[in-house]
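Novice: Dropping the structure in here first, questions after.
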Amino acid sequence: MLAKVKSKWAYFAVAALLIFLILIPFDWFLGQYKGLAIFIGLSTMVTVGLCLLIGYTGQVSLGQAAFYGLGAYFSAVLSKTHDVNPWLAMLIAAVATGGFAYIIGYPIFRLRGNYLAMATLGLGLIMWVLFRQLSQFTGGPDGMAGIPYLSIGSFVFDTSFKRYFLVWFFCLAILLISQNIVRSRTGRALRAVHGSESAAESIGINVDQFKVKVFVLSAVYASLAGSLFVHHLRFVSPQPFDFLASVKLVVMAVIGGLASIWGAIFGAGTTRILSDELLLRFGEWDIAIYGLILMLVMIFTPEGLFVKLKDVFTQWQLRHSQRETET
Amino acid sequence: MSADQFVQYFISGLTQGSIYALVGLGFTIIYAVTRIINFAQGEFVMLGGMLSFTLASSAGLPLAPALLLSVLISAAIGAIMYLLAIRTARRASVVSLIILTIGAAIFIRGIAGELWGVDFVRPPFFTGSSSISFLGAYIHPQALWIIGTTIVVTVLLHLFLSYTMVGKALKACAISPRAASLVGIDARAMALIAFAIAAALGAIGGVVMAPLTLTAYNVGVMLGLKGFVAASIGGFKSPILAVVGGILLGIVESMAVGVDWGPFTSAYKDAIALVVLLLILLLRSGRLAAEERES
Amino acid sequence: MQKYIMWVIVLGVMVSLVAVAAIGCTSEEEEAEPYKVGAVLALTGSASNLGVPEEQTVEMMVDQINEAGGINGHPLEVIIYDTETNAEKCATMVNRLIEQDEVLAIIGPTTSGESLAIIDTMTAAETPLVSCAASILIVTPVEERYWVFKTPQTDKEAVTEIYTYLEAEGITEIAIITDTSGFGAAGRDILIADAPDYGITILDDQNFSSGDTSMQAQLTHIKGTTPEAVVCWATDKESAIVAVDMQTLQMDTPLFCSHGIANMGFIDGAGDAADGVIFPAGKLLIVDVVPASDPQKNVLTQYRDDYETLYGEGTINTFGGHAWDALSWVVIALEEMEEGLDTDEARAFIRDEIEQIEGFIGISGVFTITTTDHLGMLPGSLAMIEIVDGKWTWLQ
């Protein structure tokens, strides 16, 4: 009975979310926030990959922004400097970034815990240095502008309104794909790995291979987001892909809940709204407040804020339905 | 590269390396005793330098008390950070702890930016700024203080860990937390002491380097990273190796500029630390993985 | 019965709240609507020592204007957002200013990278931008920069000042040391490109990163090539470290720096190593020795006095001057604006007015803007300055 109630609420929540998302960019609703909403969508795409990685393999990546940047730069350079069709460029970028993650995945995943985190940190920073230094390709520290819009035939994605739907289309597609992965046999295997690697291995799951696959998947998601990012701003520079950006992504994943797919929207949304809307009122205290909030969330709800809220809600439901059956 | 230049590269690298070593010591102490990587370590170095500026230059205190006070205040902040943040987090996962210390680092940096503003400052030199000639090269007097402090601190730390009760207890925790608690050592008290000591070490580094390297609210990030690489060379267990690692890193960075090798330009100098880090992690991945599984 | 009373009370409270709000609104409408201008500045991050003086200048100007009665009776409101020296954050804030705050014009950003990132957005939104950043690409090609203007001199002008001086002194072999940020990299490109025009050969080209704590290795390398002068292109902190390191290595080679060191922070940081350093900057730093015949004299003196009264002696900074010029242009346009224009018309009007500015006497220089030149800085705006005994002196 609990299962039925829970899924009824879940469907309701998802439907409400979809309607809300569709209505946002209209000026009579929340249109002035559509720029912000586009960035939330992009962040969500990267965060979902991170959630899968951290939540289902127990390993953290402190360099995820590097994959975001790889997708961005590949798309930018291919579509602007080499006049490649932007969609093709996005595909090439995703394949290249995924391939790169595959190659470095095996050596990196021989490490664990803190050491793995540090390796990803080092990798992310090296990518950032390359983005900055290989100026003949990347435009150097000031980046490059004039990246073309995405278009389908004669329909060009030249306004924020159109790009909002494009970004959220990709975002929701990724969320649904990830949801399917989690529920499938692969997903159950993932959870087994996180629970106990030796047990998983004993029933024939190739643990190392799984970890690398999840890593590659998260890289591909990030790359797609990076491509959409440059076709939105029509500009790319190394700044959005530094260490702090990777940290912010981990924060989004953690606030959303490390094993929660839909929590990624919550995590990305609250973090973005916090740093781009609410903290503006506090002038220069915003850095300190951001750090404080990070600490408080990690101390009191380490399983993720969204997950905690879901738990609270589920418990309320339990008590509510118990009372119903009692009366 | 002439002989004189070689000596100069070596001495400059030695100075920088000593800075990295001092930062790396703090990482090592905390990790060894608590298995936590403290991302806020660089911020303690920053605090040491900023506090010494406020106390010595703005408040006009005489130098020695100002430096001592800076270190003590930083140590206190380290202890408070442990008590309020880390201890409260209780049995948190590795990921949570990493993010927690990152949050603490961001918080400390933000407060520092508010209190001291964004401009950089220079605390007074300990013994002036006339460069000293040495074996065909030149060294700044403050650099001698940096190198000297690193040597003295390393020796004192070694003596402390090997010959005092508290030090030996800390070492026991580093070797095996479970065995240590079995013989009655309070792990949480040891963790508190480790944090305070690490903060003090970082502040000592900050205090002695700030007159030469200039300091501002945001210097913690870069210094923290370099110090982290130093600590990783020491395997996060051995303070002596961390110091050796830091000094080696400084010397390699310096020599690389002098070597004039093909595509490498000085623009990639700070990538050296990152490459070293990755190499170490990958080369020792087998042993590191085994260690993680044990703890 | 109790329930009934409760509902009456609740309704009563709601009605009074609405009434108060309505009255509040109407009384607001009787005052003149403020003119809203946006500003995106780097208050934190690597360019914060440029952005904070810009912010302080803007706040000072807003207070001055409003105390004098505003612009044609309309109070001036400048909404300032921190970009954290981050192009993405800057783009987000610009969107916010345009769509949510509905500003009539935007000044800033502080750095070239951030400025280049938002040109498309400003053009698409048909809102004028007056940038406080250096790169010439911000205003060229001018056909694609219809809505974009800028106030600081470009790096090219600064390099020209240095190279002209070197040529006059007969110096032909130099070494350059630059940082890897946008500012340093742009300076390096121009130093390398323009050197042959002045008969200058670059013997050594070294780099360092912002945040590096020692340039001794790079300087040792440079020392080995025995140049006649060293040109350093970086912001004040790293330039100060270069100066100190050169002193430690006992290099008597003359050091030339960029306009990035045009503030007291450099002198404080480098100590006595700052003496003898030469750099190009706006005349603000040497305003006291600028002759009365110079058209900028009064404007510079007034700005210096106002700023230092408010923020302390010796805090004057040429970067704040860029913001002064930028906001002044917008204010000039607003002063000519008629009543009753809607947001789009106002933005177009301001753009047109700025494009017609002629002979504007500013802090960074004297300006005449045309349809083909959206910077419009007239020659002679920069001065070569030498630091002597910890003070700025004019080298002529």
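Quick note: the coordinates plus some simple rules give every number you see, no bench work behind them. If you're wondering where the values come from, they're calculated on a predicted model, not measured in any experiment. In this analysis, Cβ positions are derived from the backbone assuming ideal geometry, glycine residues included, and neighbour counts consider all displayed protein chains.
Novice: In peptide C:198-208, what is the residue-averaged number of other protein chain Cβ atoms found within 10 Å of each Cβ? Can you show the working numbers first?
Specialist: Numbers: counts 0, 0, 0, 0, 0, 0, 1, 3, 5, 7, 5.
Per-residue shielding by partner chains comes out at 2.
Novice: Need one value for C:242-252: mean number of C-beta atoms belonging to other chains within 10 Å of its residues' C-beta atoms. Before the final figure, lay out the partial values.
Specialist: Values: counts 0, 0, 9, 5, 0, 5, 13, 7, 5, 1, 0.
Going residue by residue through C:242-252 and averaging, the value is 4.
Novice: So what's the gap between the Cα centers of segment C:266-320 and segment B:195-253, to the nearest angstrom?
Specialist: 38 Å
Novice: Hey, another quick one. Can you grab the distance from the C-alpha centre of segment A:302-323 to the C-alpha centre of segment B:27-80, Å, no decimals?
Specialist: Value for the Cα centre distance between the two parts: 43 Å.
Novice: Compute and list, largest first, the equivalent-ellipsoid semi-axes of segment A:36-326 from the alpha carbon gyration tensor, each √(5λ) rounded to a whole angstrom. Mind showing how you got there, number by number?
Specialist: Numbers: eigenvalues 196, 112, 78 Å².
Largest first, segment A:36-326 gives 31, 24, 20 Å.
Novice: If r is the Cβ-Cβ distance from C:Glu338 to C:Thr123 and R0 is 25 Å, what FRET efficiency results, to the nearest 0.05?
Specialist: 0.50
Novice: Calculate the mean, over all residues of peptide C:108-120, of how many other protein chain Cβ atoms lie within 10 angstrom of the residue's Cβ.
Specialist: Values: counts 0, 0, 0, 3, 3, 10, 5, 2, 8, 10, 3, 4, 9.
Whole-number average of other-chain Cβ neighbours for C:108-120 is 4.
Novice: Which pairs in the list A:Lys310/B:Lys226; A:Lys211/B:Lys171; A:Lys213/A:Lys310; A:Lys162/A:Lys213 are over 31 Å apart, alpha-carbon to alpha-carbon?
Specialist: A:Lys310/B:Lys226; A:Lys211/B:Lys171; A:Lys162/A:Lys213
Novice: Can you bin chain C into rounded, prolate or oblate? Criterion: square roots of the alpha carbon gyration tensor eigenvalues sorted a ≥ b ≥ c, rounded for a/c under 1.5, prolate for a/b above b/c, oblate for the rest.
Specialist: Working: a/c = 2.27, a/b = 2.00, b/c = 1.13.
Prolate shape, in that a/c is at least 1.5 and a/b is the bigger ratio.
Novice: What ranking do B:244-256, B:176-188, B:217-229 get when scored by the average of other Cβ atoms within 10 Å per residue, highest first? Walk me through the numbers on the way to the answer.
Specialist: Values: B:244-256: 22.3, B:176-188: 13.0, B:217-229: 25.0.
Ranking the peptides B:244-256, B:176-188, B:217-229 by packing returns B:217-229, B:244-256, B:176-188.
Novice: Just how far, in whole angstrom, is segment C:49-101 from segment B:114-154 if you go by their alpha carbon centroids?
Specialist: Cα centroid to Cα centroid, the span is 40 Å.
Novice: Roughly what angle does helix B:269-283 make with the longest principal axis of chain B, taking Cα atoms, 0 to 90 degrees, to the nearest 10?
Specialist: The angle comes out at about 40 degrees.
Novice: Modelling each spin label as a point 7 Å along the Cα-to-Cβ direction, I'd like the B:Trp261/A:Leu318 distance in nm, to one decimal.
Specialist: The answer from the label model is 6.1 nm.
Novice: Would you mind classifying the protein assembly as shown by shape? Square roots of the alpha carbon gyration tensor eigenvalues, ordered a ≥ b ≥ c; an a/c under 1.5 is rounded, otherwise it is prolate if a/b is larger than b/c and oblate if not.
Specialist: Values: a/c = 1.57, a/b = 1.07, b/c = 1.48.
Verdict is oblate for the protein assembly as shown.
Novice: Still on this structure, please answer the following. Provide the FRET efficiency to the nearest 0.05 for the A:Trp9-A:Tyr102 pair, computing r from the beta carbons and using R0 = 41 Å.
Specialist: Working: r = 39 Å, r/R0 = 0.95.
The pair A:Trp9/A:Tyr102 has a calculated efficiency of 0.55.
Novice: Then there is this: Cα axis of helix C:2-30 to longest principal axis of chain C: angle in degrees, 0 to 90, nearest 10?
Specialist: 50 degrees
Novice: Same structure, new question: Quick one: how many lysine pairs in chain C have C-alpha atoms under 25 angstrom apart, if they're 8 or more apart or on different chains?
Specialist: Lysine pairs, 8 or more places apart or on different chains, close enough: 15.
Novice: Rounded to the nearest 500, what is the 222 nm mean residue ellipticity of the protein assembly as shown from helices alone, with -39500 (n - 2.57) per DSSP H run of 4+ residues and division by all residues?
Specialist: Numbers: 38 runs with 633 residues, N = 1018.
Calculated from helices alone, the mean residue ellipticity at 222 nm is -21000 deg cm²/dmol.
Novice: Please give, to one decimal in nm, the separation of the simple spin-label points placed at A:Leu30 and B:Arg284, each 7 Å out from Cα toward the Cβ.
Specialist: Here the answer is 4.8 nm between the modelled labels.
Novice: While we're here: Any idea how far apart B:Ser58 and C:Thr368 come out in nm if each label point goes 7 Å out from Cα toward Cβ?
Specialist: In this crude spin-label approximation the distance works out to 4.8 nm.
Novice: Indicate the helices, whole DSSP H runs only, in chain A that combine a mean Kyte-Doolittle hydropathy of 1.0 or more with a Cα extent along their long axis of 24 angstrom or more. Present the calculation step by step, with values, prior to reporting the outcome.
Specialist: Working: long enough: A:2-23 (32 Å, 1.65); A:34-57 (34 Å, 1.67); A:86-108 (32 Å, 1.52); A:113-133 (30 Å, 1.06); A:160-183 (34 Å, 1.20); A:207-233 (39 Å, 1.07); A:305-326 (32 Å, -0.85).
Once both thresholds are applied, what remains is A:2-23, A:34-57, A:86-108, A:113-133, A:160-183, A:207-233.
Novice: Tell me, C:His74, A:His82, B:His158 in order of fewest to most beta-carbon neighbours within 10 Å? Before the final figure, lay out each step's value.
Specialist: Values: C:His74 19, A:His82 8, B:His158 14.
Least crowded to most crowded, the residues run A:His82, B:His158, C:His74.
Novice: Could you work out how far helix C:87-99 tilts from the main Cα principal axis of chain C, as a 0 to 90 degree angle to the nearest 10?
Specialist: Helix C:87-99 and the main axis of chain C meet at about 30 degrees.
Novice: Let me ask another. At a Förster radius of 25 Å, what calculated FRET efficiency corresponds to the Cβ-Cβ distance of B:Asp186 and B:Leu83, to the nearest 0.05?
Specialist: Values: r = 14 Å, r/R0 = 0.56.
Result of the calculation: an efficiency of 0.95.
Novice: Would you mind calculating the relative contact order of segment A:36-326 from Cα pairs under 8 angstrom and at least 6 residues apart, reporting the percent as a whole number? Please report the intermediate quantities before stating the final value.
Specialist: Working: 433 pairs, mean separation 99.4, N = 291.
Normalised by residue count, the contact order of segment A:36-326 is 34 percent.
Novice: Rank-order A:260-273, A:45-58, C:365-378 by packing density, defined as the average count of other C-beta atoms within 10 Å over each peptide's residues, highest first. Display every interim value, and only then the final one.
Specialist: Values: A:260-273: 23.6, A:45-58: 26.9, C:365-378: 17.5.
Per-residue mean Cβ counts within 10 Å order the peptides as A:45-58, A:260-273, C:365-378.
Novice: Would you mind ranking A:His231, A:His320 by Cβ crowding within 10 Å, fewest neighbours first?
Specialist: A:His320, A:His231
Novice: Can you sort C:Lys223, B:Lys237 from fewest to most other Cβ atoms within 10 Å of each residue's own Cβ? Mind showing how you got there, number by number?
Specialist: On the way: C:Lys223 21, B:Lys237 14.
Taking fewest neighbouring Cβ atoms as first place, the list is B:Lys237, C:Lys223.
Novice: Please work out whether segment C:141-253 counts as rounded, prolate or oblate from its C-alpha gyration tensor, where a ≥ b ≥ c are the square roots of the eigenvalues and a/c under 1.5 means rounded, while otherwise a/b larger than b/c means prolate and anything else oblate?
Specialist: On the way: a/c = 2.44, a/b = 1.44, b/c = 1.70.
Oblate, because a/c is 1.5 or more while a/b does not exceed b/c.
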